[in-house]
1. Please work out if L72 is modelled with pLDDT of 90 or more and in contact with a helix residue (DSSP H, G or I) (Cβ under 7 Å, 6 or more places away or on another chain).
2. Any idea which residue in the range 1-29 is modelled with the lowest pLDDT, counting only those that are farther than 13 Å from I64 by Cα and assigned to a loop (DSSP other than H, G, I, E, B)?
3. Could you please give the count of residues in the range 30-65 that are more than 24 Å from I75 (Cα to Cα) and either charged (D, E, K, R) or modelled with pLDDT of 95 or more (or both)?
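The values are calculated or read from the model by the stated rules, or taken from the named source; none is laboratory data. Here the structure is a predicted model, which means the values were calculated and not measured. Using ideal geometry, Cβ is built from the backbone for each residue, glycine included, and neighbour counts are taken over all protein chains shown.
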Amino acid sequence: MQRMPDVLEGRLDKIAYPHIRQRLEQLRDQPQALLDYVNGLFLDTRDGQRRGFDFTTASTLMAIKHDLMLQLGEIGRLRHEFLPWDHEFRVVGSAQPYQAPAKLPKNW
């Protein structure tokens, strides 16, 4: 069986929060648990406020999430779930460029 590429390779040092780096390291060999943890980080709210990350940490976590979704086949599953309905969505309206509404007469 071919070993999955390590999604954390070269990325842990870009994450500014030591407790997040430590937890990612602990979950390194469990891709589904790792994906669940990263998803939880993005969905975490405290006192009604969404947790914020610096840009480098956020982009690194998104790259990890993307690679995990590819490895686990999540993107293919989502594509299979949502693409069958694409034919139902159509643009309705004229294909002509936008025309400004007619001006109303004075004292209308």
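1. no
2. In this case the residue turns out to be M1.
3. Looking only at that region, the number is 5.
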